[in-house]
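The next block holds one structure in the form of structure tokens; read it before the comments.
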Amino acid sequence: LVGTHRQDSARTALYTGLALNDDGLEVTLIDLYPLSTDYSVLLGLPPRQTPILLADPGTTRQLTDLIERHSSGLGLLNNLQGRGQSGQLTFKDIDSLLEALPSQNSFALADLPLDYPTEVMCQLARCCALVLLITRDDSASMQKARAALTLMEREDIAKQSIIVVIVGPATSGALPAFEQEGMRVIHAETTPDHPVFHDLAARAKEAADSSL
């Protein structure tokens, strides 16, 4: 997931993860915001006190042991410190994360800041079966989302692997702005059991199956 507003992408990741979890799949939420413990707060887990140093080979070898489990069954990896400036994750860090996670009957939902370097965003998108581009329907957010979509398409990220998710009321102008067949709208008051999250979970499973 990549989004223009942190709280929107976090909520979408969490609720989609719960929908996948309801289907009996093992789900790990990966917070790629450097040194962030926001998901711990959302899940009511004690924040991890010590950052996970991804430049340390010993740490990356035991990443699966560092996954925290919520009572719902969701896994969480956060408070990550990468090799970049101010702990920013590089693609080498992200690659280490993805390689360390279990691949059978499991899903990883990665929440990446939209302002990360373009090459990191596009390289991560190539590794993912599905990209959720999350935005609000205001001019500044839509401009950022359109720019991100254009960059990914220029880097040959398949359009059918990208779903634009608009959070909040969507005006009629939002629909032709992206021309995305898979666009979804999530209203601000939408609860975790709303069908839209089960729809996103089903789309993620379908994309994962197609990528095998």
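The values are calculated or read from the model by the stated rules, or taken from the named source; none is laboratory data. Keep in mind it's a predicted model, so treat the numbers as computed, not measured. Neighbour counts run over all protein chains shown; Cβ positions are idealised from the backbone, glycine included. To get the accessible areas, we keep the full protein, side chains included, count just its heavy atoms, and leave off ligands, DNA and RNA. Shrake-Rupley method; radii C 1.70, N 1.55, O 1.52, S 1.80 Å.
Quick notes on this one:
- Chain lengthening between Ser210 and Glu153 when straightened (0.36 nm per residue, less Cα-Cα): 18.6 nm
- Cα shape, segment 28-141, gyration tensor, a/c 1.5 rule: rounded
- Heavy-atom accessible surface of the chain: percent carbon and sulfur, 1.4 Å: 49 percent
- Size of electric dipole in the chain: Cβ of Lys, Arg +1 and of Asp, Glu -1, about Cα centre, debye, nearest 20: 300 debye
- Cα-based shape type of segment 79-146, given that a ≥ b ≥ c are square roots of the gyration tensor eigenvalues and the cut on a/c is 1.5: oblate
- Between the alpha-carbon centres of segment 1-35 and segment 133-170 there is a gap of 17 Å.
- Gaussian network model of the chain, springs between alpha carbon atoms under 10 Å - residue of Arg136, Arg154, Arg48 with greatest fluctuation: Arg154
- Accessible surface, per residue, of the chain when the full set of protein chains is kept, probe 1.4 Å, Å²: 48 Å²
- Residue with peak Gaussian network fluctuation, the chain [Cα springs, cutoff 10 Å], from Tyr116, Tyr33, Tyr15: Tyr116
- Stretched out straight at 0.36 nm per residue, the stretch from Ser139 to Asp199 would grow longer than its current Cα-Cα span by 18.9 nm.
- Approximate spin-label separation Gln160-Arg83, in nm, with each point projected 7 Å along Cα-to-Cβ: 3.5 nm
- Three-way shape label, the chain, alpha-carbon gyration tensor, a/c 1.5: prolate
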